[in-house]
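Step one of this worksheet: look at the structure below.
The values are calculated or read from the model by the stated rules, or taken from the named source; none is laboratory data. The structure presented is a predicted model; accordingly, all values stated were derived computationally and were not measured. As a convention, Cβ positions derive from the backbone with ideal geometry for all residues, glycine included, and neighbour counts pool all protein chains shown. The protein model used for the area step is the full one, side chains on, heavy atoms only, and it has no ligands, DNA or RNA in it. Shrake-Rupley method; radii C 1.70, N 1.55, O 1.52, S 1.80 Å.
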Amino acid sequence: MRGKNLLLTIIFFILFLGFGLNYGQVSDVKLVIYEAPKTMRSAPDIKVKVGGRDVFVYDIPVNPHRRWLGNQEISLSSTPMCYFDFSGGRIKIEIYLNKGIKSAIVLPSVYNITPVINNNKLAFYIEEPGFYTVVFNNSPDRALHIFANPIEDNMPDKNDPNVIFVGPGEWIIEDIPLQSGQTIYISGGAVLHTTIHGIFLNNVTIRGRGIIDGSIWKSWLTPGETARVPINLRNSKGITIEGIIITNPNAWALNLYECENTIVKNVKIMTARQNGDGITIQSSRNINVSDCFVRSWDDSLVVKNYAGDSKFINFNCIQIWTDLAQSMEIGYETNKGKKDNAIISDISFRNITVLYNFHKPVISIHNSDDALVKNIYYENIIVENAFMGQGDAGENNQLIDLAVLASQWSTTKERGNIRNVYIENVKVLRGIFPPSRIIGYDEKHTVENVYVKNLEILGKKIGNLSDGKFKINPFVKNINISMDKDFPKLSLKKYDPKVVNSLQNVKSENLQIVKTPDQKEAQIPENFKIFQPIVPEKPSGENVALKKPIESNGYQDVYRERYANDGKIKSYWEGKANSYPNIIKVDLENIYKIHTIRIALNPDRIWSKRIQTLEIRYSLDGEEYKVLVPKADYTFDPLTSNIVDIKLDKPVEVRFIQIIFYANTGATGGQIGELEIYSDEPMSQ
């Protein structure tokens, strides 16, 4: 009897210890939930609880179309998304749909999560911050994206003069021009409609848990609209971007142009409209992007050369869902700035999970200009669902596509080369068996030294070109495909579905709920109230420069000379990047006595205050030029409508006007939105 009692005591102790450890672990879980702005409507068909607490589910625009739709307004669909912060162990996720759930899968597969399904309810647990996508009933439509953040630390002081603090609520701030040394903090529970931009910055931070959303603006291709890139930084160093969510921009989502020493971490992006690239890095160096999520309707991760070279750019631990275009792209623009001996080198994509790709290649280098692209690394890539080739993808449906080729995006006449590409440990789990392609352009423009190691497609180990459905041409050299004998299976994490029902709700003392203010509509924060800009009085007489012949010594991208005097203030000319002096010349086609030269830029606040250094010369015959206005600095400020009027001491007879730009604190070249030259007394030649 004594032995029996001892045995029962031991069993009871073991059970008590097991439950104690389990409940003790859960009781230590800390949870931060963010109320949504009271102006927002939740997703209509789904509810989510985390740790027993309701979490707001946003309905985020996504794009179901698998073909380019030009400049038309697109009919979008939507998908649910929620976010929260937690730490301390396992936490239960409960999902309720307004229809029955026959099956569900939680991605990425490495989490090895087996959800418990009961009619229209689904439950599972997570034990570490990350991104979890739940696909219901074998359909990617209305998949739920869960962004489980780590709990924030080292919160910025909202009273710090170098901190721009955006609290919970729905806010409209037309644009936020950053200055060096500043931090912008977007609180969880905030939905902020804005663009954050800056040029020539040092040591800036953009962080928080809130959302930057572009839904209030039409597509940038709509006449009269402009590209309102939520985060657009140029020629800057020491940048940190962390924690925020970007949804439905009207163009690109996050753009780094000629930047250095930048960290992008735990950023979540969902785009749905034309040119909705996720993370775009142009002509930049020493950039590290990690622990991010990108669902995009254009290239998800992309590196290009628009001006200088691109070097030492690393993407690591990123989840991708590509609705249109490429997942991990280098190109097509590899030397848009026509730089001598342009290079893109030392670019790596490591530990990337592609949840879905419906359109064009997963791994791609498209050298469409004359750059040398070399030392490129794709390692530990998992493609959960490969459905490339839909819509207008045509034959550009590859898993791997390395190509030197001409395209509609080519700028240079000559082609370049691709050298030293390492592709290792790539698995395609589900979907179709995609082809791959490696092609050069001609005997002088080739692809050489490509090493593909441990490629597995739908369970088939690829040991040669034929097995992998590779297409090559004669302009390819030294292609190596190999497979390790001990190449491991997918490494799955431990998960016990029996645990989920034993998990307790998060205790009240471990719960923080961030409240949002009472609002009936999106508002402008008091500290961002926009003053009505001053519009300088129009000079007297006639603008004799309107639509007259105009030329320059170069231009940037598509911003050609004709836009400088076309009568449309939102179009503009921009001189060739980093090629001062930028010179633009207009022929008035007659001799006029002029008294005022007006140079104007787009008056929108997104065109932040800048100083342009310029000189003006004139000529009667187009050959001999004299100084009309000496070299000087001119301030363009949205508060004065970005207009500068240069009034002459007395009227001067001219036919040709030449403006020479030497510097611009707001761009890498001189800029004119509209050049107006006024005369009261026109004269015949």
To the nearest 10 degrees, how steep is helix 2-27 against the longest Cα principal axis of the chain, on a 0 to 90 scale? 10 degrees
I want the antiparallel fraction of DSSP beta bridges within the stretch 239-335, as a percent rounded to 5. 5 percent
Carbon-plus-sulfur fraction of the accessible area of the chain, 1.4 Å probe, in percent? 49 percent
Can you tally the net charge around E152? Count Lys and Arg as +1, Asp and Glu as -1, for every other residue whose Cβ sits under 11 Å from the Cβ of E152. -1
Projected onto the charge dipole of the stretch 394-534 (unit charges on the beta-carbon of Lys, Arg, Asp and Glu, signs +1, +1, -1, -1), the Cα from V421, P488, V447 with the largest positive-side position is that of P488
Here the stretch 576-587 yields Karplus 3J(HN,Hα) values (6.51, -1.76, 1.60; θ = phi - 60°; whole Hz; Gly and Pro given as x) of 3, 4, 6, 10, 5, x, 8, 10, 10, 9, 10, 9
For E542, E509, what's the largest-to-smallest order of accessible area, 1.4 Å probe? E509, E542
Reach of K304 by Cα under 14 Å, taken over aspartates and glutamates that are not fewer than 8 positions away in the same chain: E258, D277, E329, E333, D346, D369, D370, D557
So what's the net charge close to L620: Lys and Arg +1, Asp and Glu -1, counting the other residues with Cβ under 11 Å from its Cβ? -2
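What dipole magnitude, in Debye to the nearest 20, does the chain give about its Cα centre under +1 on Lys/Arg Cβ and -1 on Asp/Glu Cβ?
2440 debye
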Kirkwood-based shape ratio for the chain, expressed as Rg/Rh from alpha carbons: 1.04
Using a probe radius of 1.4 Å on heavy atoms only, what accessible surface per residue do you get for the chain? Whole Å² is fine. 42 Å²
On a full-extension model of 0.36 nm per residue, what is the gain between A406 and S215, subtracting their alpha-carbon distance, rounded to one decimal in nm? 65.3 nm
Give me the net charge of A307's neighbourhood, meaning all other residues with Cβ under 11 Å from the Cβ of A307; Lys, Arg count +1, Asp, Glu -1. +2
Amide proton proximity set for T79, modelled H, under 5 Å, gap of 5+: I60, V62
Give a residue-ordered list of calculated ³J(HN,Hα) values for the stretch 229-245 (Karplus: 6.51 cos²θ - 1.76 cosθ + 1.60, θ = phi - 60°; whole Hz; x for Gly, Pro). 6, x, 10, 9, 10, 10, 6, 10, 9, x, 9, 10, 10, 8, x, 7, 10
Could you tell me which residue out of A406, N341, Y356 lies farthest along the dipole of the stretch 311-425 toward its positive end? Charges go on the beta carbon: Lys and Arg +1, Asp and Glu -1, centred on the Cα centre. N341
Once phi is turned into ³J(HN,Hα) by the Karplus curve 6.51 cos²θ - 1.76 cosθ + 1.60 with θ = phi - 60°, what whole-Hz value does each residue of the stretch 633-644 show in order, with x for glycine and proline? 8, 10, 9, 9, 9, x, 5, 10, 6, 6, 10, 10
Between D486 and I432, how many nm apart are label points set 7 Å from Cα along the C-beta direction? 3.8 nm
Pop the C-beta distance of N590 and R562 into the FRET formula with R0 = 22 Å and round what comes out to the nearest 0.05. 0.65
Calculated on alpha-carbon atoms, Rg and Dmax of the stretch 27-123 in Å: 16.2, 53
Tell me which of G51, F470, Y563 sits at the most positive position along the dipole axis of the chain, charges placed on C-beta atoms (Lys, Arg +1; Asp, Glu -1). G51
With contacts defined as alpha carbon pairs under 8 Å and 6 or more residues apart, what's the relative contact order of the chain in percent? 10 percent
Under the Debye formula (equal points on every Cα, no solvent term), log10 I(q)/I(0) of the stretch 391-453 at q = 0.15, 0.25 Å⁻¹: -0.60, -1.16
For the E128, N98 Cβ pair and Förster radius 22 Å, calculated FRET efficiency rounded to 0.05 is 0.15
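Grab the stretch 63-159 and count how many Lys pairs have their alpha-carbon atoms under 23 Å apart, sequence gap of 8 or more, or different chains.
4
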Could you tell me the ratio Rg/Rh of the stretch 218-327? Both radii from Cα atoms, Rh via Kirkwood. 0.95
